Amino acid sequence: YSKPRPLEPQIIDVRQLLEDLVRTVEPRAQEAGVNLLLDVQDSCGFFEVDRHALFSALINFLDNAVDACVADTFKTEKNVRVRAERDTGVVTIFIDDNGIGMDQATIDNMFSLFFSSKGVHGTGIGMYVSDYIIGAHNGTIEVISTLTHGTSCILDIPIRFDGSRVVDGTGIRLMN
């Protein structure tokens, strides 16, 4: 819970945002033996978002992907890949990992306040806030996961900020 603040959209470079994101998480990932890969299509260009808010949301997704790889004690090669591509009116950001994956119950609850699959290591706030931020940008989230194989989080963010917000969360699609 925090005081809601209005978004402050600005036009930013998609590649720069994602490079900064990976650079922020990279030391922790390297220490944990997780490879971070970045793949941004040249055509991604710019989009109009609240940089601070979106960065916070993406950090939560990326940190969780690294945590999922760390939790997998069977794989020797642990990878998290951040990808981005642009389509008509939307930038799609993919955060893919080859970590432990999630079951359907976890997927169904991952954006609920105070839900955490990390036991004492999670607060259950990060993904709730991330969902709110993506929704505030009129974006959508799709989660595809298979136990022992990993997870893909697919975030569609409109290129232009229109000021309206998805209040009821109906913009979220969860899949297994």
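The values are calculated or read from the model by the stated rules, or taken from the named source; none is laboratory data. Note that the structure is predicted; figures quoted are calculated from it, not measured. For neighbour counting, all protein chains shown are included, and Cβ atoms are generated from backbone atoms with ideal geometry for every residue, glycine included. Calculation scope for accessible area: heavy atoms of the full protein, side chains included, ligands and nucleic acids excluded. Shrake-Rupley method; radii C 1.70, N 1.55, O 1.52, S 1.80 Å.
The figures follow:
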{"quantity": "Filter result (under 29 Å from Asn138 (Cβ atoms), open to solvent by 20 Å² or more (accessible area, probe 1.4 Å) and of a type in the set (Val, Ile, Thr)) within segment 57-91", "calculated": "Ile59, Thr88, Val90"}
{"quantity": "Positions within segment 31-56 being out of contact with any helix residue (DSSP H, G or I) (no Cβ under 7 Å at 6 or more places or on another chain), over 26 Å from Asn79 (Cβ atoms) and open to solvent by 40 Å² or more (accessible area, probe 1.4 Å), in sequence order", "calculated": "Glu48, His52"}
{"quantity": "Qualifying residues in segment 50-75 (those that are among the acidic types (Asp, Glu) and in contact (Cβ under 8 Å) with a residue 60 or more places away in the chain) - the one farthest from Val22 (Cα to Cα)", "calculated": "Asp72"}
{"quantity": "Some residue of segment 97-111 being modelled with pLDDT under 90, exposed (fewer than 15 other Cβ atoms within 10 Å of the Cβ) and either more than 21 Å from Leu147 (Cα to Cα) or of a type in the set (A, V, I, L, M, F, W, C) (or both)", "calculated": "yes"}
{"quantity": "Within segment 1-25, considering residues that are open to solvent by less than 40 Å² (accessible area, probe 1.4 Å) and in contact with a strand residue (DSSP E or B) (Cβ under 6 Å, 6 or more places away or on another chain), the one farthest from Thr76 (Cα to Cα)", "calculated": "Val14"}
{"quantity": "Of the criteria (1) modelled with pLDDT under 80; (2) under 28 Å from Arg5 (Cβ atoms), which one His137 fails", "calculated": "(1)"}
{"quantity": "Residue within segment 113-123 that is at pLDDT 95 or above, over 18 Å from Leu62 (Cβ atoms) and either assigned to a helix (DSSP H, G or I) or open to solvent by 20 Å² or more (accessible area, probe 1.4 Å) (or both) present", "calculated": "no"}
{"quantity": "Verdict on Arg28 being part of a loop (DSSP other than H, G, I, E, B) and surrounded by fewer than 16 Cβ atoms within 10 Å (Cβ to Cβ)", "calculated": "no"}
